[in-house]
Amino acid sequence: MSSTALTVEEVPVGVVLPLRSAVLRGGGPAGMAGDDDPATVHLAARTPDGAVVGVVRLAPAPCPWHAARAPWQLRGMATDPAARGTGAGRALVDAGLALVAARGGDLVWCDAREVAVGFYERTGFTVVTGPYDKPGIGPHLGMLVELPGR
Ligand SMILES: CC(C)(COP(=O)(O)OP(=O)(O)OC[C@H]1O[C@@H](n2cnc3c(N)ncnc32)[C@H](O)[C@@H]1OP(=O)(O)O)[C@@H](O)C(=O)NCCC(=O)NCCS
């Protein structure tokens, strides 16, 4: 599968929940507080046949580590294991950062699972904390990317 064949679009939360559940919640309930807030954005990456191979959520939220005028949080980042390494994750982050910038955001932050830190670094984020534990999930690091002003 070529990454150039992927499309990324804003979708209702119901579209992202199956992959979020399978990849991030072991098949369990995957809803998160704020999923239905009007400002929350859900993105899905699809192959030409319409299959959802990646999902992510972006929502305005104060950054715990860095002052910003209009910070947003990235959460629920997940790609189909069969599609890993084909650019779905990057396509989602690129689209997400562009969307946040277009909506006036100036910073995007995330609690990055330790195993995903390299991915976020490849897509423009910087580690800004030491490791911390999220009970039931494991070690995370705080990461962020500042967006160019408008
Ligand atoms: C992390 C994840 C979203 C990456 O998705 P992906 O579709 O494989 O990412 P891409 O194919 O777009 O990769 C983009 C770049 O990051 C690199 N990369 C991907 N996963 C990586 C990882 N875990 N560590 C280091 N680099 C990684 C790729 O090699 C690629 O590098 P390049 O710039 O040289 O081409 C995916 O592996 C996943 O869903 N993991 C399980 C859930 C998870 O940990 N989510 C994050 C929660 S914080």
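Out of Gly14, Gly28, Gly76, which single residue is closer than 24 Å to Gly138 by Cβ, modelled with pLDDT of 95 or more and surrounded by fewer than 16 Cβ atoms within 10 Å (Cβ to Cβ)?
Answer to the selection: Gly28.
If you take the residues of the stretch 109-147 that are out of contact with any Phe, Trp or Tyr (no Cβ under 7 Å at 6 or more places or on another chain) and among the polar types (S, T, N, Q), which of them is nearest to His66 (Cα to Cα)?
Thr126
Pick from the stretch 98-140 the residues that are assigned to a loop (DSSP other than H, G, I, E, B) and of a type in the set (A, V, I, L, M, F, W, C): which of them is farthest from the ligand (Cβ to nearest atom)?
Val128
Select the strands (runs of 3 or more DSSP E) contained entirely in the stretch 11-97, then report the ones holding at least 2 residues which are within 17 Å of Arg113 (Cα to Cα).
Fully inside the stretch 11-97 and qualifying: 52-60, 71-79.
So for the stretch 91-104 (the condition being open to solvent by less than 20 Å² (accessible area, probe 1.4 Å), in contact with a Ser or Thr (Cβ under 9 Å, 6 or more places away or on another chain) and farther than 18 Å from Gly34 by Cα), does at least one residue qualify?
yes
For the stretch 36-52, give me each residue that is aliphatic (A, V, I, L, M) and open to solvent by 10 Å² or more (accessible area, probe 1.4 Å).
The answer is Ala39, Ala51, Val52.
Quick one: which of Pro62, Pro81, Pro71 is more than 9 Å from the ligand (Cβ to nearest atom), surrounded by fewer than 18 Cβ atoms within 10 Å (Cβ to Cβ) and not basic (Lys, Arg)?
None of the others qualify; the one that does is Pro62.
The values are calculated or read from the model by the stated rules, or taken from the named source; none is laboratory data. In this text the structure is predicted, and so the values were computed from the model without any measurement. Using ideal geometry, Cβ is built from the backbone for each residue, glycine included, and neighbour counts are taken over all protein chains shown. Accessible surface is based on the protein model in full, side chains and every heavy atom, while ligands, DNA and RNA are left aside. Shrake-Rupley method; radii C 1.70, N 1.55, O 1.52, S 1.80 Å.
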